1. Could you list, in sequence order, the residues of the stretch 456-477 that are touching a Phe, Trp or Tyr at 6+ places or on another chain (Cβ under 7 Å) and either of a type outside the set (Val, Ile, Thr) or assigned to a loop (DSSP other than H, G, I, E, B) (or both)?
2. Give me the residue from the stretch 113-129 that is touching a residue at least 24 places away in the same chain (Cβ under 8 Å) and surrounded by fewer than 18 Cβ atoms within 10 Å (Cβ to Cβ) and, out of that set, farthest from the chain's Cα centre (by Cα).
3. So which residues in the stretch 608-623 are buried (at least 21 other Cβ atoms within 10 Å of the Cβ) and either out of contact with any Ser or Thr (no Cβ under 7 Å at 6 or more places or on another chain) or not assigned by TED's automatic domain parsing to the domain that holds Leu701 (or both)?
4. Which residue pairs have Cβ atoms under 7 Å apart, sit 6 or more places apart or on different chains, and have a first residue in the stretch 366-381 that is closer than 14 Å to Ile534 by Cα and a second that is crowded, with 16+ Cβ neighbours inside 10 Å and of a type in the set (Phe, Trp, Tyr)?
5. Just to verify a result, which residue in the stretch 597-607, among those that are over 22 Å from Ser525 (Cβ atoms) and surrounded by 19 or more Cβ atoms within 10 Å (Cβ to Cβ), is farthest from the chain's Cα centre (by Cα)?
6. I'd like the full set of residues that are of a type in the set (A, V, I, L, M), over 28 Å from Gly122 (Cα atoms) and surrounded by fewer than 18 Cβ atoms within 10 Å (Cβ to Cβ), limited to the stretch 279-312.
7. So which of Thr584, Thr615 ends up being at pLDDT 90 or above and farther than 16 Å from Ala726 by Cβ?
Amino acid sequence: MKAKTKNILIDALTGIIRSYAQVFFSKSYFFAGILLLVSFFDIYAGIAGVLSVIISNAFAVLLGFDKNKVKEGAYGFNSLMVGLGIGIYYQPGFEFYLVVFFISILTLFFTIGLEGVLGKYGLPYLSVPFLFGIWMVIIASKGYSALAISERGIYNLNDMYAIGGLTMVRLYEWFNNLNMPESLRIYFKSLSAIFFQYHMFAGILIAIGLLYYSRLAFLFSIIGFYAAFYFYNLIGADISELTYSYIGFNYILTSIAIGGFFIVPSRQSLLWVIILTPLVAITLSSTAYLFSFFGLSVFSLPFNIIVILFVYVLKFRLRNIDKPALVMVQQYSPEQHAYSYNNYSKRFGKLPVIAMKLPFWGDWKVTQAHDGEHTHKEDWQHAWDFEIADEDGKVYDGSGNNLNDYYCFNKPVNAPADGVVELIEDGIEDNAIGDMNLEKNWGNSVVIKHADELYSQISHLKKDSIKIKFGQEVKEGEIIGSCGNSGRSPVPHIHFQFQSNPSIGSKTIDYPISSYVVKKDKSFSLKTTANPKIDQSISNLATNDLLKKAYHFVPGETVKFEVEESGNKQTQSWKVESDIYNNTYFECEITGSIAWFKQLDNTFYFTHYQGKKNTLLFYFFLSSFKVIHAFYPNMIIKDSYPLSIYPNKSKLFLQDFCIPFFKFLKAEYEMVYESFNNNETKQITLKSAARFGNKKNNSGLDFNILIGEKGVSEFSITSESKAIKAVRIF
């Protein structure tokens, strides 16, 4: 019972604290602490703010709403702002707190309602519930004689003394007397106005918290504010519009939201921050004039209108959908958005929508590639010719004068991907060696439709070898015929190309091959997606069942390891889970750390990590960042980690500011397929490494992974400062 009560109290406190951070799209406890302190620069406003959050969160739980959202502060921050706003405007008293109680409930209802309405379109409700709540109180209070207007804030020094005595007064005066440009003063006061404070001291504290939470949010806040400041000067507008009530915070919040919260930080997001600034200014001026007739302030209305409208508009794009790119998985950190998106784009952005495989099994040689020496020219340049060659590079045995002398002749040819047979040409005789049939240039051919405007064509097949029919559905790897020597083909080979329409011999398109291995001497290299080159010996990946089983994790499964470090042993467990979007992840039962993963085309990928960086799960994330379900001796797999895991925090701090423009840090992954014992006790050994920095200053970790018949049985971690061994408990 005590533990349950303790957990309830912790969740309640978390929901209160995060409600403060949510105002700035954050989950940082440190930043929330600063904002909580600032809100109490007016004691009664601070009390009203806390009460509003408690009331709103309590009713959200009582009514059965999502407890996780309550804990995140999603249902509390709008009520917080209403409480702070009316706490500043009105004198405290029984009647006032009665209004606080009921307006907190009403603001919660506005929040839930707008979440349902705007959420259907994938849009945020931002601070719209706050606007409805505070406007209603201000309008209603005109008839409430018991609500008295507050006279606090006139004597700020008295307020500071009440909080922290003479020390706080001196600190307040020191900050306010700092020698700085007037524009910077307005920036700090605009920041403080977000929490209904109107002095520079509060703004500087908020700026410090903002910088701690996010370097990019801080940077965009300055860029957005100064874009507005100079726009006002340029058009000759009254600068008092920014200073009056310091509603310049609309530009600050808009720039943070567009610069890096709802949109991935980039040059494009920065450009849109600047472009949208005049739109916020026009909206602010027009709505302020209109609302003045009702005696109301626009508060954050311009910010809400422009951000919601812009995010909504971006959802209708038909092209350039990554310029700027919308954030798909909200991580509450502009830096994380940039690092994750850049890393994901680099790893998966160039992967084709449909993975096309080589149309054969075993090792074949590329005898003519794109822009070929003989026939692959101009509109037909994106094509390949394939033959089978022996270790000496010869493509035939014996004299080479007979079709059967050629290793590839009559070998099966496979469908490169799932599709529907669109066209078949058959019945053309195979040529004698050296002859060509120029009238039937393409010979016996099959065209398969894989998607709209995506067809594959395989030509020069053997007469009467085609095993499929027009309109038939075929699966990847299904045999469609045999290699022959028909058409314009002096020696047996396969001609392979992709095209945008179904006619045999159509113009080719540049479309890559996915997941194939290049063999050179006795070494192997993996190509995730590429165009095979002339003279390369290539093959499709041959799936290794041991590896496939080892890296196949099912939601609901628990993975346990006995971990030994410095003589100490402990057991660590991870739960395999999936969310409502079918994203799969490991969750450490001790620390709550999470590592997301996915499986694409016989490859296991980790995509993102969240949590402590000294856990076994983090080391497994590093060690198995990308694993191919195929074993080739000494095959090397390379990839790049998201920079958010970079261990040097001072360097990462500088990189945070630069990531929308350029990257100077490196976090590289490498795995070597070392050995495969295929005897009675089957075992695979993999070695991987995580490297951070450049060649001159390269630190990192080394990993050794053992895979048995039951899965990953053991892995170890070594570096200059640590040695950890983890043994799987099955």
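The values are calculated or read from the model by the stated rules, or taken from the named source; none is laboratory data. For clarity, every value in this text was computed on a predicted model and none was experimentally measured. FYI the Cβ positions are ideal-geometry reconstructions off the backbone, even for glycines, and counts take in every protein chain you see.
1. Within the stretch 456-477, Ser456, Ser459 qualify.
2. Applying the filter and picking the extreme gives Leu118.
3. Passing the criteria: Tyr609, Leu616, Tyr619, Phe620, Phe621, Leu622.
4. Val366/Trp384; Val366/Phe386; Thr367/Phe386; Gln368/Trp384; Ala369/Trp384
5. Selected residue: Phe597.
6. Listed by number, the residues that qualify are Leu290, Leu296.
7. Details: Thr615 fails: farther than 16 Å from Ala726 by Cβ.
Result: Thr584 is the single residue among Thr584, Thr615 that is at pLDDT 90 or above and farther than 16 Å from Ala726 by Cβ.
Each row is one residue, and each column tells you yes or no for (1) in the same structural domain as Phe653 (by TED's automatic domain parsing); (2) out of contact with any Ser or Thr (no Cβ under 7 Å at 6 or more places or on another chain); (3) at pLDDT 95 or above.
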| residue | (1), (2), (3) |
| --- | --- |
| Tyr341 | no, yes, no |
| Lys346 | no, no, no |
| Glu387 | no, no, yes |
| Asn414 | no, yes, yes |
